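All remarks here apply to the structure that follows.
Rule-based calculations on the coordinates, nothing more; no lab input. Here the structure is a predicted model, which means the values were calculated and not measured. Neighbour counts are summed over all protein chains in view; Cβ atoms, including those assigned to glycine, are modelled from backbone coordinates with ideal geometry.
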Amino acid sequence: MNLQILRLFTSEYMNKEVWKAGNMLYPLPVVMVSCKREGEKPNIITVAWAGTVCTNPPMVSISVRPERYSYDILAETKEFVINLTTRDLARATDYCGVRSGRDVDKYKEMGLQVQESSKISAPGIKESPVNIECKLKEIIKLGSHDLFLANVEAIQVDRSLLTEKGKLELGRSNPIVYSHGEYYDLGNLIGTFGYSVKKSSKNSKQVERGSVTRKTVEKSAAIEKTKHKEEYHSKRIKDKQKNNQKSNAKDRKSKT
Ligand SMILES: Cc1cc2nc3c(=O)[nH]c(=O)nc-3n(C[C@H](O)[C@H](O)[C@H](O)COP(=O)(O)O)c2cc1C
């Protein structure tokens, strides 16, 4: 019996089926990519094969099938805008993924407004909370899809999602994800970056249970910060006192 078949029958694999290679990396952001060729109407293509690929310089990628109407526009103009999607934009997101710009004006059909970009000619979508303006760097031919590797030139962010201090609260836009053929919103906030290694606080159990609100997480982070500040200051005072004691002792010695 061949080794792979043998493995299938061992207890290690009893609860899982082994499938042939395919695409199963879910959930994914689902975005609306807008583009425009001079003298033509702007177009939107829904893309789930999209990702952040580099922090510095900020770079993103989208994968597009050559047969899409948008493909040539993207390749020729070398510009596009990645528009983040929300619960309110879910229907438009799906529509722009099942109708072609060859046949319809998707902006018009979905009642979306064209938004001027700040650094590129391709327009964004006004109703989207975040518009990522991109310039194409390279097209990498892969197979069914080609990968459009791009530099991020600028980002437009909805002011209503900013705190007084200018922090973006993206969760308030009700972002959506695409998971194996289905759209979802994000549900509960279950933690913030690095919470797993932070000193346990009163709210850590709530965080793990997923019952915590943004306010409680932020409150607990603020408490931790104050605690660290207090610890730091009391350590500095103690160090100062120790140094003073040492120099006083030295003075006394030198006087004797
Ligand atoms: C949820 C969803 C995700 C999609 N992701 C991609 C993708 O990553 N790449 C792609 O080429 N097409 C993708 N499509 C299909 C295109 O959006 C669709 O073919 C669209 O009608 C193309 O528009 P166009 O002909 O105006 O360019 C997706 C469609 C949906 C509904």
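Here the gap between Asp88 and Ser100, fully extended at 0.36 nm per residue and compared with their Cα-Cα distance, gives a gain of 2.2 nm. Rounded to the nearest 20 debye, the dipole magnitude of the range 23-185 is 120 debye, with +1 charges on Lys and Arg beta carbons, -1 on Asp and Glu beta carbons, and the Cα centre as origin.
Per-residue extension of 0.36 nm, minus the Cα-Cα distance of Asn248 and Lys41, leaves a gain of 66.4 nm for this segment.
With all projection directions averaged, the alpha carbon convex hull of the range 23-185 covers 9.5 nm². Here the label points at Glu138 and Leu162, each 7 Å from Cα along the C-beta direction, are separated by 3.5 nm in the simple model. Measure up Lys36/Lys135; Lys41/Lys137; Lys78/Lys137; Lys36/Lys119 against 19 Å on the Cα-Cα distance and list the ones that go over. With Cα atoms farther than 19 Å apart: Lys41/Lys137.
Full extension of the segment from Lys199 to Thr52, taken as 0.36 nm per residue of separation minus the current Cα-Cα distance, would add 49.9 nm.
Near the amide H of Ile125, within less than 5 Å, lie the amide hydrogens of Gln115, all on another chain or at least 5 residues away, with H placed in the peptide plane. Among Met14, Met110, Met59, sorting on how many other beta-carbon atoms sit within 10 Å of each Cβ, with the fewest leading, yields Met14, Met59, Met110. According to the square roots a ≥ b ≥ c of the eigenvalues of the Cα gyration tensor, what is the shape class of the range 87-144, taking rounded for a/c under 1.5, prolate for a/b larger than b/c otherwise, and oblate for the remainder? Since a/c reaches 1.5 but b/c is at least a/b, the shape of the range 87-144 is classed as oblate.
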